[in-house]
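Read through the structure below, which is laid out as structure tokens, and then see the notes.
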Amino acid sequence: MTEYGKQVNKCLIRIQKGDNEGLAELFELTANHLRMVARLYLDDKSLCDDVVMETFLRVMKYNGAFNTIRDGYGWLCGIARNEALTCKNREKKYAAWESAERMESKKDEWGEADVQLTVFFATEKLGERDREIAQLRYCYDYTLQEIAQITGMSKTAVYKRLAKIKKNFEKVF
């Protein structure tokens, strides 16, 4: 274990013993490193500090589970990585929900026929398969699973194609 890893372990052991100064020292020692770990996984770099804070909340909550023989720095980086991936997934779900909500509001505002025309024009530069997927999703409200069954594609492939289609929709809307 490196000297840096030993310093991190000492701080974690102090925290296990109830020493709050150990937490402050651990933060000073590792916060910038953990920000860099978060930056590797996040598209929105403004969320790095949130990931670091969540990492330290997890350290305080689960520090008793830390095995002092193992590398504490690796443990912290693993927590930061997991938090960054969780944050990234949450942001993707929010963006997808927001995009779908915009489409639903357009359905209410314009009516069904206008939405179908918009879907057609937004997807005219895409291939026939993508146009079909967009129509199934936005005009006929099929789920990803149903679209996958209809098209014979995997659910993941449908999701990825819809993500590409949504980028075209953002240009239209």
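The values are calculated or read from the model by the stated rules, or taken from the named source; none is laboratory data. Computed from a prediction, not measured in an experiment: that's the story for all the values here. Cβ coordinates were reconstructed from backbone atoms using ideal geometry, including for glycine residues, and neighbour counts include every protein chain displayed. Heavy atoms of the whole protein, side chains included, go into the accessibility calculation; ligands, DNA and RNA do not. Shrake-Rupley method; radii C 1.70, N 1.55, O 1.52, S 1.80 Å.
For T151 and R35, the FRET efficiency from 1/(1 + (r/R0)^6), where r spans their Cβ atoms and R0 equals 35 Å, is about 0.25. For the pair A65 and K164, a Förster radius of 41 Å applied to the C-beta separation gives a FRET efficiency near 0.50, rounded to the nearest 0.05. For K167, the accessible surface of its heavy atoms amounts to roughly 130 Å² (probe 1.4 Å, protein chains only, rounded to the nearest 10). Label positions at E28 and E132, each projected 7 Å from the Cα along the C-beta direction, are separated by 6.3 nm. Maximal additional length on extending the D19-T86 stretch stands at 21.2 nm, based on 0.36 nm per residue less the C-alpha distance.
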